[in-house]
Every structure is written in C-alpha cells, then in structure tokens.
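Input: a single structure, listed below in structure tokens.
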Amino acid sequence: MIDQAAALNNAEWCDALCRAHGLPGVFSETVWTNPVRTPIFYPDAVTLSPEATAAEVLAGIDAGPGASVKDSFAALDLAAAGFGVLFEATWIHRAAPGPGDVRGWGVVREKDELAAWAEACFDGEQPGLFPGGLLGEEDVAILRGEEGGAVLNLSRRASVVGVSNVWGEAAWPGVVAMAAALFPGLPLVGYEPDPAPAVAHGFVPAGPLRVWLKR
C-alpha cells in the first residue's frame, strides 16, 4: 500500500534526522518511536501500520507535555491520553518521473552550505535543526536550487523516495527532476497539509494522516 510505504519512508527520514542529533529511534513492525523528546517539527512516534495501537505507541515515547505522534493512517484516538490534533495532512504519491531540467540545482555537501540552506528553509528561526551529521547519511540528499530547496530520502525497504521540506514557490519542478536524476526509476512519496502544489506537478493523494500533540 502506498500510504504504508510513505509512512515507512517518513519514519526513516525522522530517524535519520534524530540520529544526526544523537537521538536514534526504535523500529517495530507497526511503529517507529523515540524514547526521548525529538527535535522541533519532528514526531516522537510514526505509525507504520493501521494496526498500531495507542498503547504501543505511547509505551515507546516520553508521553509528557510536548510529545507528538504522527498517526499515519488517521486511525488512533489519543484524546484520552491528553493529546489533541495539531494538524491533518494528505500522503502524496507520484510514479517514477522521467528525466527533467536540473540546471541550477545541486546537492548540499558542506556544513556552511547546509547552515545557509536551513536558514532559508526555516526563515532563520531554527538554527541547528539540520546538523552537519546529516551530510553523512547516504540515503539522504538535501537539495538546493535557484527556486528553493527540499530533502529527498531513499527507503530501500519500501523502494520509494521521500520528498519533504520543500520550500520556494517554484521549487517543485526542480525537486522532481533532481529526484529522477539521483534516484532513477523510483516513485516519489511524501505528505502535505495542502497537496495542491504537489498535485499540480504529477502527484496524487494517497490517504489521510494526522499529527497529535500533548499539550
């Protein structure tokens, strides 16, 4: 199922980001969890199957205030545990793209370039969120172009490439073209609260998700 492949891919990206901060998570058949609080914008748990239960999700995390859970199939009810819905979004999927125009695009490879990328992506508000250790992740490519940027991550188990952290109003064509160049023949997945910009560039909706937050 596309949404399960997308959920696994997203959990692998979250784990890569956390590992770069020295905070590796734990994978089971049904959920990825992190026993300590994850960096801002990144969940403490990602469900990998619609069979995941609230009990097993909460058992793997620090479920105190500030905890967040990516409910990948919009299947959990965490209200009884004190969580509220932070936002809802839609998984997206695109068949493997053909070659495109990558002029003006490249992969971030140096720490100072990564710092500049993160400043642009997060409007200078989250310094240090993308540490230099990410540059050593062989299945992660941080893209920078004249129109914006994005992150690609390869999921070897699901045979898909994740697209996340897209910034820049005109970035989508370059991001898709770079995905085709770096990971030829593989479909693309991701999620967006508003899928319309991705849909305009060949993606299709692939199911709902929601993110819960413990206040």
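The values are calculated or read from the model by the stated rules, or taken from the named source; none is laboratory data. Please read all numbers here as calculations on a predicted model, not as lab measurements. With ideal geometry, Cβ positions are generated from the backbone for all residues, glycine too; neighbour counts draw on all protein chains shown. In case anyone asks, the SASA skips ligands and DNA or RNA and just uses the protein heavy atoms, side chains included. Shrake-Rupley method; radii C 1.70, N 1.55, O 1.52, S 1.80 Å.
Just the residues that are outside any loop (DSSP other than H, G, I, E, B) and touching a residue at least 40 places away in the same chain (Cβ under 8 Å), please, taken from the range 15-25. Result: A16, L17, R19, A20.
State the number of residues belonging to the range 94-122 that are within 25 Å of F203 (Cβ to Cβ) and part of a loop (DSSP other than H, G, I, E, B).
Going through the range 94-122 one residue at a time, the tally reaches 12.
In the set A196, A200, A150, only one residue is free of Cβ contacts under 8 Å to residues at least 60 places away in the same chain, in contact with a Ser or Thr (Cβ under 8 Å, 6 or more places away or on another chain) and of a type in the set (A, V, I, L, M, F, W, C); that residue is A150. The sole residue among E169, E138 that is of a type in the set (D, E, K, R) and in contact (Cβ under 8 Å) with a residue 12 or more places away in the chain is E169. For S72, the conditions (1) in contact with a helix residue (DSSP H, G or I) (Cβ under 8 Å, 6 or more places away or on another chain); (2) over 25 Å from G25 (Cα atoms) all hold with the exception of (2). The set of residues in the range 14-51 being out of contact with any helix residue (DSSP H, G or I) (no Cβ under 8 Å at 6 or more places or on another chain), open to solvent by 10 Å² or more (accessible area, probe 1.4 Å) and among the hydrophobic types (A, V, I, L, M, F, W, C) consists of L23, V26, V36, I40, F41. In the range 132-154, the residue that is most open to solvent (accessible area, probe 1.4 Å) out of those that are closer than 12 Å to A16 by Cα and among the acidic types (D, E) is E138.
If I filter the range 118-131 for residues that are over 26 Å from L86 (Cα atoms) and either modelled with pLDDT under 95 or open to solvent by 50 Å² or more (accessible area, probe 1.4 Å) (or both), do I get at least one hit? There is no residue in the range 118-131 that is over 26 Å from L86 (Cα atoms) and either modelled with pLDDT under 95 or open to solvent by 50 Å² or more (accessible area, probe 1.4 Å) (or both).
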